[in-house]
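This report refers to the structure that appears directly beneath it.
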Amino acid sequence: MSLRVGVLVSGRGTNLQAIIDAIGRGELDARIVLVISNHRNAPALARAAAHGIPALAITFKEYGSRRDQQLAMLREFQARGAELIVTAGFDKILIPEFVQAYAGRIINIHPSLLPAFAGGMAPRPQAEALAAGVKIAGCTVHFVTDDVDAGPIILQAAVPVEEDDTVETLAARILEQEHRILPRAIQLFAEGRLRIEGRRVRILPAPEPAGRMQA
Ligand code: GRF
């Protein structure tokens, strides 16, 4: 049975697209059961619809409070049996009740090598990396906890900062890696190979293929 994934988005949705594409290529054994955006006009919603994936906008305006809005999102994911929630460019901090309901089952992508340049939406972390003069930037996939961008790290990818980089060129180079490691992390979760041990995530080895087991 494929892992049932819910995705939270706010904007253009290229990471959502990377998940959709990885599933299409057979590299990710998952099914996106629902995409929810907190913005009605997010291009990510159109990407979902173009692939026949159920997609909803659940806006602050409709609910009048962040809490009620996110509890409505939570109910929708639960109603569709989502087993893992991926925040892929979601621009709000999740309320504790949401995090609790999916404890250890929410994954976020952040465009920096955490714990450096935590917080803030793209392109702020990339701009901060450039301004800080780092030579290596990158991205991080991590489990979501109540501490923003500080949950256990699953995967990271590093990219070099080039001499003539702008925020845009650096962000684009980082984004390519986001699109690679986010589906990979979801697949590791789907295979049951991520074990949270305190602040660390242990990646368990892939099981031996059947028929090659030693007696
Ligand atoms: C990405 O840079 C992601 O790391 C950050 O927000 C951006 C979302 O981009 N959390 P997209 O909507 O997936 O294209």
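The values are calculated or read from the model by the stated rules, or taken from the named source; none is laboratory data. It should be emphasised that the depicted structure is a prediction, and the values quoted were computed from it without experimental measurement. When we count neighbours, we look across all protein chains shown, and the Cβ atoms used for this are built from the backbone with ideal geometry, even at glycine. Keep in mind that these areas ignore ligands, DNA and RNA; they rest on the heavy atoms of the full protein, side chains included. Shrake-Rupley method; radii C 1.70, N 1.55, O 1.52, S 1.80 Å.
Brief remarks on what is shown
- Local electrostatic count at R195 - Lys and Arg +1, Asp and Glu -1, tallied over other residues with Cβ under 15 Å: +3
- Fully extended contour minus Cα-Cα distance, from T166 to K61, at 0.36 nm per residue: 34.2 nm
- Stokes-Einstein D (µm²/s) once Rh is taken as the Kirkwood radius of the range 83-201 over alpha-carbon pairs, at 37 °C in 0.692 mPa s: 226
- Only beta bridges with both residues in the range 1-148 are counted; by DSSP, about 20 percent of them are antiparallel.
- Cα-based Kirkwood hydrodynamic radius, the chain, one decimal, Å: 17.8
- Computed 3J(HN,Hα) for the range 12-27, one whole-Hz value per residue from the Karplus formula 6.51 cos²θ - 1.76 cosθ + 1.60 where θ = phi - 60°, is 6, x, 6, 6, 4, 4, 5, 5, 4, 5, 5, 5, x, 7, x, 8, glycine and proline marked x.
- Loop-located trypsin sites (Lys or Arg not before Pro) across the range 128-187 with a Cβ neighbour count of 16 or fewer within 10 Å are K135, with loop assigned by DSSP.
- Solvent-accessible area, 1.4 Å probe, carbon plus sulfur percent, for the range 101-155: 62
- Seen through its C-alpha gyration tensor, with square-root eigenvalues sorted a ≥ b ≥ c, the range 138-215 comes out oblate because a/c lies at 1.5 or above while a/b is not bigger than b/c.
- In this structure the range 66-215 gives 52 Å² per residue of accessible area when probed at 1.4 Å with all protein chains present.
- Loop-located trypsin sites (Lys or Arg not before Pro) in the range 1-54, at most 13 other Cβ atoms within 10 Å (DSSP): R25, R40
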